[in-house]
Amino acid sequence: MKTNVEKLSDTRVKLNVSVPFDELGKEIDQAYSVIAQQVTIPGFRRGKAPRQLIDARFGRGPILEQVVNDMLPTRYEQALQENDLNPIGQPEIDITKIEDNDVVEFTAELDVRPEITVPDFSAISVTVPAIKVDDAAVEEELDNLRSRFGELKDTKRKLKKDDFAIIDILAEVDGEKLDDASTEGLTYQLGSDDLITGLDKAIKGLKTGEEAEFTTTIEHGEHKGEEATVKVTVQQTKERTLPELDDDFAQLASEFDTVEELRESTKTQLEENLKAQQAADIRDEVLKAALAESEFELPQSIVDEQVHNQLHQILGQLAHDENALAQLLEAQGTTREEFDANSREQAEESVRTQLFLDAVAEQEQPEVSQEELTDHILFTAQSYGMDPNQFVAQLQQSGQIANLFSDVRRGKALAAAISRTNVQDEDGNTIDPNEYFGEIEEDDAEAVEAVETTEETEEN
C-alpha cells in the first residue's frame, strides 16, 4: 500500500491511498463468500457456487463493491498510523480509482489535531481573590438563613426598601392594554428592581390603597422600544419579620443546640465554599494564561459541528420551531445574528480548550483508574438528575463512555500541570496549588470537580 499526505491547512489534510490487488486477497475471498451466501444458483448449495459462475452470472461489480467496503476501514486506519496523523471527526472519503486485478485508490480529507506547544507551567504565575470570612460575612449568611424562616406581616406605614407589596399593574401603549405587562395580586419586594423599570421609584413611600402612575420604555415583546403608561395600585403593604438569632432558632433551623455552634458551622461552610471557588479561580486563571501562550489554528469543521449541535439542542427544546426561537431571542433582548455570533465564539473557545487539554494530557500521561471513571460517571449522572444505571446505558448506546474517560484524563493532566504553577492571592499571600491539585484524596471532591472538563456544549 502506498500513501502520501497533502497539507491543506494547519488542521486539514488530504490522504491519498493506493492499494494493489495483490494485497486484497483476504477481502476478495470474503467478498465471494458473502455474495455466495446471498445468491441462489441452480445445482449448487447456497454458499458453494464457484467464483467463475458468480462472475459469469452477476459480473465483478458486486464483488468489487464488497471488497472496497471491507478494505476501506482497515486501510484508512493503516494509512493514519503510517503517517502519524491524529484525526478529529469523520473523514470525507472518495473512491478515485478501481482497476480490476490492478489497484484501488481512494482519498480521505480529514481534520487533524494542530501542532500545539504546551507552555512551561512552572513559569506561569497567577493571582486570585483571597479567602476572607469575617464576622460580617457570617452574620449576613445567618440573616439569609433567618429570612427563610421569616413571616410577612401587614403594615399600615409607607413602603420602604425590602418591604413587600401586593400590587395591581396596568400597562398601556396609546390606550391599548398590554396583557403581558399587566397583572393583579402580584407580590413584589421593593428594591428587587427586576420587573418594570421605574416601578420601585413609583411605589416607594406608598401606603395600602394608594396608587401611582409613571412612564417606562417597553424592553421586550411586540412593543419593544415604545413608551408605555403604567398605573400601579398597592393592595397591601407587608414587612418581613425575622426570628431572633438565639438557641431556639439554632435548634429550629439546624442540627445544632446553640447559636454559637450554628455560627461556627456557618463560618466553616463559608470557608469551604470559598476554597472551592478559589480552586476554580486558580484553574481558570492558569488555563487562561496557558492558552494565551499557545496559539494554534482551529479545525473549522469541528467548530461548525459544535455550533450546529448547540442550535439543534435549543431548537429541540422548542419543537424545532424557528419562530419560537425568534420570540425567545426577542424576549432576551438579542438578535439572531448576535445569537449566532455568540454561539460560534463559545464553540471556538470550547474546541480550543479541549484540543489544548488533549495536548497537556499527551504530555502529562496521567493514568485513569476504573474507580475514577466510575466516580465521574456517577457525578455526571447526578448533575443531570438521572439514575446512574440509565445514564450508563445511554452512554453505552451512544458510544460516549470514551468521552467521559477523556474528560477525567484531561482533568487529571491539568491538575498535575497546575501543581507546578506559582499562585498568589490579591493580598500577596503565596498559595500552594498542591493544596487543591496535588495527589487527590477522597475529601477533595470539590477540587476535583473544579479541574475536570465535562464539555456539556460539545458532547450533550
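The values are calculated or read from the model by the stated rules, or taken from the named source; none is laboratory data. Quick caveat: nothing in here was measured; it's all calculated off a predicted structure. Using ideal geometry, Cβ is built from the backbone for each residue, glycine included, and neighbour counts are taken over all protein chains shown.
Of the numbered criteria (1) under 17 Å from Val234 (Cα atoms); (2) free of Cβ contacts under 8 Å to residues at least 24 places away in the same chain; (3) part of a helix (DSSP H, G or I), the one Glu213 fails is (3).
Restricting attention to region 121-139, the residues being part of a helix (DSSP H, G or I) and more than 30 Å from Val351 (Cβ to Cβ) number 5.
One line per residue, one yes/no per condition, for (1) on the phi < 0 side of the Ramachandran plot; (2) of a type in the set (Gly, Ala, Ser); (3) assigned by TED's automatic domain parsing to the domain that holds Ser406; (4) surrounded by 15 or more Cβ atoms within 10 Å (Cβ to Cβ):
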residue	(1), (2), (3), (4)
Gln30	yes, no, no, yes
Ala36	yes, yes, no, yes
Gly47	no, yes, no, no
Gln66	yes, no, no, yes
Asn69	yes, no, no, no
Pro73	yes, no, no, no
Asn83	yes, no, no, no
Asn86	yes, no, no, no
Asp100	yes, no, no, no
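Scanning region 326-344 finds one or more residues that are under 27 Å from Pro119 (Cα atoms), assigned by TED's automatic domain parsing to the domain that holds Ser301 and surrounded by fewer than 18 Cβ atoms within 10 Å (Cβ to Cβ).
For region 283-295, the criterion of being over 30 Å from Ile131 (Cα atoms), assigned to a helix (DSSP H, G or I) and at pLDDT below 95 is met by no residue.
Number of residues in region 89-122 that are over 30 Å from Glu27 (Cα atoms), in contact (Cβ under 8 Å) with a residue 40 or more places away in the chain and not β-branched (Val, Ile, Thr) equals 6.
Can you pull out every residue in region 40-89 that is more than 22 Å from Phe21 (Cα to Cα) and either in a helix (DSSP H, G or I) or of a type in the set (Lys, Arg) (or both)?
Applying the first criterion (more than 22 Å from Phe21 (Cα to Cα)) to region 40-89 yields 40-49, 57, 84-89.
Arg45, Arg46, Lys48, Arg57 - these are the residues of region 40-89 that are more than 22 Å from Phe21 (Cα to Cα) and either in a helix (DSSP H, G or I) or of a type in the set (Lys, Arg) (or both).
On the stretch given as region 395-438, residues that are of a type in the set (S, T, N, Q), surrounded by 14 or more Cβ atoms within 10 Å (Cβ to Cβ) and over 16 Å from Val368 (Cβ atoms) total 4.
Which one of these is over 23 Å from Pro243 (Cβ atoms), loosely packed, with under 12 Cβ neighbours inside 10 Å, among the charged types (D, E, K, R) and under 41 Å from the mean Cα position of the chain (by Cα): Asp179, Asp168, Asp174?
On the way: Asp168 fails: loosely packed, with under 12 Cβ neighbours inside 10 Å; Asp174 fails: under 41 Å from the mean Cα position of the chain (by Cα).
The conditions single out Asp179.
Within region 404-426, being aliphatic (A, V, I, L, M) and outside any helix (DSSP H, G or I) holds for one residue alone: Val423.
Within region 90-120, restricting attention to residues that are touching a strand residue (DSSP E or B) at 6+ places or on another chain (Cβ under 8 Å) and part of a loop (DSSP other than H, G, I, E, B), the residue that is modelled with the lowest pLDDT is Arg113. Restricting region 163-210 to residues that are assigned to a helix (DSSP H, G or I) and small (Gly, Ala, Ser), the residue that is farthest from Thr237 (Cα to Cα) is Ala181.
Against the conditions (1) over 43 Å from the mean Cα position of the chain (by Cα); (2) closer than 19 Å to Leu170 by Cα; (3) part of a loop (DSSP other than H, G, I, E, B), Val234 satisfies every one except (3). All conditions but one from (1) within 19 Å of the chain's Cα centre (by Cα); (2) within 25 Å of Pro433 (Cβ to Cβ) apply to Gln313; the one that does not is (2).
Across region 358-396, the number of residues qualifying as more than 29 Å from Asn86 (Cα to Cα) and among the small types (Gly, Ala, Ser) comes to 3. Taking the stated definitions as given, is Leu262 modelled with pLDDT of 95 or more, surrounded by 12 or more Cβ atoms within 10 Å (Cβ to Cβ) and closer than 30 Å to Glu109 by Cβ? No; evaluated as a whole, the condition is false for this residue.
Would you point out the residue of region 297-356, among those that are part of a loop (DSSP other than H, G, I, E, B) and not hydrophobic (A, V, I, L, M, F, W, C), that is nearest to Ile88 (Cα to Cα)? Step through it out loud before you land on a result.
In the first step, residues of region 297-356 are kept if they are part of a loop (DSSP other than H, G, I, E, B); the result is 297-299, 318-321, 332-335.
From what is left, the residues that are not hydrophobic (A, V, I, L, M, F, W, C) are 297, 299, 320-321, 332-335.
On the way: Glu297: 13, Pro299: 8, His320: 28, Asp321: 31, Gln332: 35, Gly333: 36, Thr334: 33, Thr335: 32 Å.
Applying the filter and picking the extreme gives Pro299.
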